[in-house]
Every structure is written in structure tokens, then in C-alpha cells.
Amino acid sequence: MPEVPERFSNLAIGFTPYLVKPSEDVIRWTVGEPGFDTPRPVVDAAIEALEAGQTKYTRGPGSMELCTQISEQLNRMWDLETTPETVMVTPGAKQALLYAMMVTMEAGDELLVPAPAWPTYEGQTALLGINIVFTETNDLFHPMIESMRSSITDKTKAILLNSPNNPTGAVYTPEEIQAIVALAVEHDLWIISDEIYARLLWVDWPHISPASIPGGAERTMVVTGFSKSFAMTGWRLGVLTGPKEAMKAAFACQANANSHVPTFLMPAASVALTQDEAVDEFCIQYNRRRNILMEGIASIPGMELVEPEGAFYAFIDITSSGMTSIEFADRALDEARVQLIPGSLIEGGEGFVRVSYATDEADIREGIARLKAWLS
Ligand SMILES: Cc1ncc(COP(=O)(O)O)c(C=O)c1O
């Protein structure tokens, strides 16, 4: 067989080994997936569209109706200035991120990412030959602007932000976002802003998109999607928006890669955007689960938790247990029957385990009881 190119040999596979479905008796605190069903009206709309024969090719960036609705919602909720012509519906936010990297950087360029960060960014930069440069965060996992500044070289082309953050749950403050936009303006850098969790916020400062700040709109590619807010992970529906020229390039990426998302999913996505009540209810439940988790972790020796500010993840400090994160996760699985993700799979994550509290309440309580019994 001819050789597979070298860059695939070290391609990160993220959390995959720790996401393997465990046996029935294990409490699974690992999967970043809403513990709810997709709202019924969304499912019905997809079935209706299929029955109405919406099974043909359609407009590449997404139906005009859906792009208009997304544009209006982004402008209203996050103060953006998109138009329907600068919005594209993609197969998941993951694909939108890949396009955003493709249209802002060349192979050999450097991308700054505050660590700890979602491992997919590392995998995607490896696919594209881009060099990822991790920058420091503080004790609350918020970005340290000086670390970003000192990491900038003549190869630096972009900064990637993910707030609310996976895996840490950090929500960057308006001042932090402003400072990062100012830095990007100063060095003429792109910003790729992964805002997939923007509606899942547990703090009293608002979600701020860098694209809403003066100087930000012309350099920010905003990524969001339907997976997390609307409990639609398996539908594979994401959104990319950005400056007109960059979006033209992104449309060309999609035209050459996968044409468009399935035609019959678009009317369903339109209905999803009207499901504010369902999203509000999911948020109430997540926040409730977060509080149960925080209270529970505070009572366990060897585990310490910085308050998760958004999304549905907690990044728990396990250094006082005396174990490495791999040892902790492996032993928690074997001895306490709780599945966790070791932080060492993530740059800057040694000494932590990542937990998703999107799982149901009973499993959070049972997991806490098991870990407590194990560590006590
Ligand atoms: C930070 C972050 N961005 C993007 C995604 C991808 O979302 P999607 O399911 O829309 O591809 C995820 C999914 O886990 C995520 O955690």
C-alpha cells in the first residue's frame, strides 16, 4: 500500500478512548451531549419536509429562509451585524470551525488558543498543517492577555476563543473579550470565535461575541450551531458567519466538500429557532444539575472545583488526591464505576478531570455518592 501522509500518524483523537460506552453499571459523566430529546416540533418538521418531498439539492449555504432567520437571531441576541448572505449552515459546528480555519490561515501559520481547550482544535489544525500555540489561562481558566501577546510571532494569523468553554466552563468577561479584540486589531489577526454554548450561561455577565465589538466584526468568524442549545447533536447542524469576503471563501469550501446540509433538515432547523421555551427549560435543568454537582464535589476529599460559569462542563482539580489524571480516571472507572475524562488528554489539563453535567440528575447524585465512598 502507498504510504498514508505522515501528518495523520499523530492526529489527535481527542477524548475518544474515554468516551467508549461502558457497561450498564457505570455512571457516565463523560459525554458532552444534552440529556434531553430534540423538541418534538423540530422532529415533526423534519418528517413533514421529507413527506413533502424536500429531498433534492438546494442552495449551498442553506435555504434563504433559514439563513435569514439565523441572521436575524444572531443580530438580535448577540448584537452582530450579519446579513442572510453572510450566514452558512454547515454539517455541525465542527465543520464550520474547519472552514473558519481554512479561510483564515495557510499551512505553517500559527493559531493562538487559550489552554485548556477542546482537543478538536488540535486535530483540525493538524489536518490543515497549521501550528497551534497554546496560551495561558488564570486560576479561573480565563485567558491571560499578556500570555497571548507574548506568543505572537510573524507567523501568528489568528486567535481562537471558545466562551463558554469546553472543557473548563469558563465564560470570558466583556473586558477580556474587548482586550482580545484590541490585541487582534493591533496585530491584524483573525479571531475564530466558537460560541456553540452561548445560550448556556450561569453567570451575571452576558455572553459577548468579539464580532459585536468595534474592530471585531471585520476579523471574526463566528461559529455556533444547533447541537447543544436545542438538544440536536445527531442532526449535524452548525452555523458559520463572518466578513463577506471570508464567507465567500467558506461558501466555496462547502460547495466543494459537501454541497449543503440535508434539504429536509432546514425547515426543522427553522422550527428549532422558535423553541425558546424548550431552551429556557433545558437551561433551568442544567443549572440545577450544576448546583447539585458543585455541592457534591465540595463534600468529596481530593476533588476541588472552580465554579463552572457556562456550558455543561466542570473541570475538577484532583491534585490533592495524589493521583495523576489518568490514574484517577482509570481507577474511578474500575473502583468507583464512574467514567470521567482525564485532563491530561488536553494541553494544560494535567491534574484535572472533565465532567459533563448534561447527564440526568439521578446519575449526578449517584456519581457523587460513589466517588465520595471511593475517596473517603
Ligand atoms: C467547544 C465545542 N465546539 C464545537 C463543538 C461541535 O459541535 P457540533 O456538534 O455542532 O459539531 C463541540 C462539541 O462538543 C464543542 O464542545
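The values are calculated or read from the model by the stated rules, or taken from the named source; none is laboratory data. Bear in mind that the values here come from a model prediction, so they are computed numbers and not experimental data. Cβ placement follows ideal geometry from the backbone for every residue including glycine, while neighbour counts extend to all protein chains displayed. Note: areas computed on protein heavy atoms with side chains; ligands, DNA, RNA excluded. Shrake-Rupley method; radii C 1.70, N 1.55, O 1.52, S 1.80 Å.
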Check: Taking the alpha-carbon set of the stretch 199-257, what are its Rg and Dmax in Å?
Finding: 14.0, 42
Margin query: Accessible area per residue for the chain in Å², computed with a 1.4 Å probe and the full protein assembly in place, what is it?
Written below: 42
Margin query: Per-residue counts of other Cβ atoms within 10 Å, averaged by peptide: what ranking do you get for 168-177, 269-278, 145-154, highest first?
Written below: 168-177, 269-278, 145-154
Checklist line | Spin-label model distance (nm) - K21 vs Y57, 7 Å beyond Cα toward Cβ | finding: 3.7
Margin query: So if each residue of separation counts as 0.36 nm, and I subtract the Cα-Cα distance between D363 and S376, what length gain in nm does that give?
Written below: 2.7 nm
Check: Roughly speaking, what is the centre-to-centre gap between the stretch 344-376 and the stretch 63-129 when only Cα atoms are used, to the nearest Å?
Finding: 30
Item checked: Residue-wise HN-Hα coupling along the stretch 273-282, computed from phi with Karplus coefficients 6.51, -1.76, 1.60 (Hz; x: Gly, Pro) -> 5, 9, 8, 4, 5, 5, 4, 4, 5, 4
Check: Where the accessible area of the chain is counted over protein heavy atoms with a 1.4 Å probe, how much of it, in %, is carbon and sulfur?
Finding: 52
Notebook entry, point to check: What does the charge dipole of the stretch 42-272 about its Cα centre add up to, to the nearest 20 debye, if the Cβ of each Lys and Arg holds +1 and the Cβ of each Asp and Glu holds -1?
Noted result: 640
Item checked: Two-decimal log10 I(q)/I(0) for the stretch 304-343, as the Debye equation yields it once each C-alpha is a single scatterer, q = 0.26, 0.30, 0.31 Å⁻¹ -> -0.92, -1.05, -1.08
Margin query: Step by step: find N for the stretch 85-231, compute 2.2 N^0.38 Å, then divide the Cα radius of gyration by it. What's the final number?
Written below: 0.96
Item checked: Directionally averaged projected area (convex hull, Cα atoms, the chain), nm² -> 19.6
Check: How large is ³J(HN,Hα) for each residue in the stretch 291-297, as worked out from phi by the Karplus curve 6.51 cos²θ - 1.76 cosθ + 1.60 (θ = phi - 60°), to whole Hz, x for Gly and Pro?
Finding: 5, 4, 5, 4, 4, x, 4
Note to self: I need the Debye-formula profile for the stretch 287-376: one equal scatterer per C-alpha, no solvent, reported as log10 I(q)/I(0) at q = 0.12, 0.14, 0.19 1/Å, two decimals.
What the structure shows: -0.30, -0.41, -0.80
Notebook entry, point to check: Which FRET efficiency value, to the nearest 0.05, is calculated for T68 and A252 with the Förster distance at 22 angstrom and r the Cβ-Cβ distance?
Noted result: 0.55
Check: Protein chains only, probe 1.4 Å: how do F8, F134, F230 rank by accessible area, largest first?
Finding: F8, F134, F230
Next item on the list: Of the DSSP beta bridges with both residues in the chain, give the percent that are antiparallel, rounding to the nearest 5.
Entry: 50
Check: Ordered by residue, what ³J(HN,Hα) values in Hz, to whole numbers, does the stretch 241-249 give under the Karplus form 6.51 cos²θ - 1.76 cosθ + 1.60, where θ = phi - 60° and Gly and Pro are x?
Finding: 9, x, x, 3, 5, 5, 5, 4, 5
Next item on the list: Run the quick spin-label model on R149 and E106: label points 7 Å from Cα toward the beta carbon, then report their separation in nm to one decimal.
Entry: 2.9
Notebook entry, point to check: In deg cm²/dmol and to the nearest 500, what is the mean residue ellipticity at 222 nm of the chain if only DSSP H runs of at least 4 residues count, each as -39500 (n - 2.57), divided by the residue total?
Noted result: -11500 deg cm²/dmol
Checklist line | Protection proxy ranking, peptides 183-194, 358-369, average beta carbon neighbours within 10 Å, highest first | finding: 183-194, 358-369
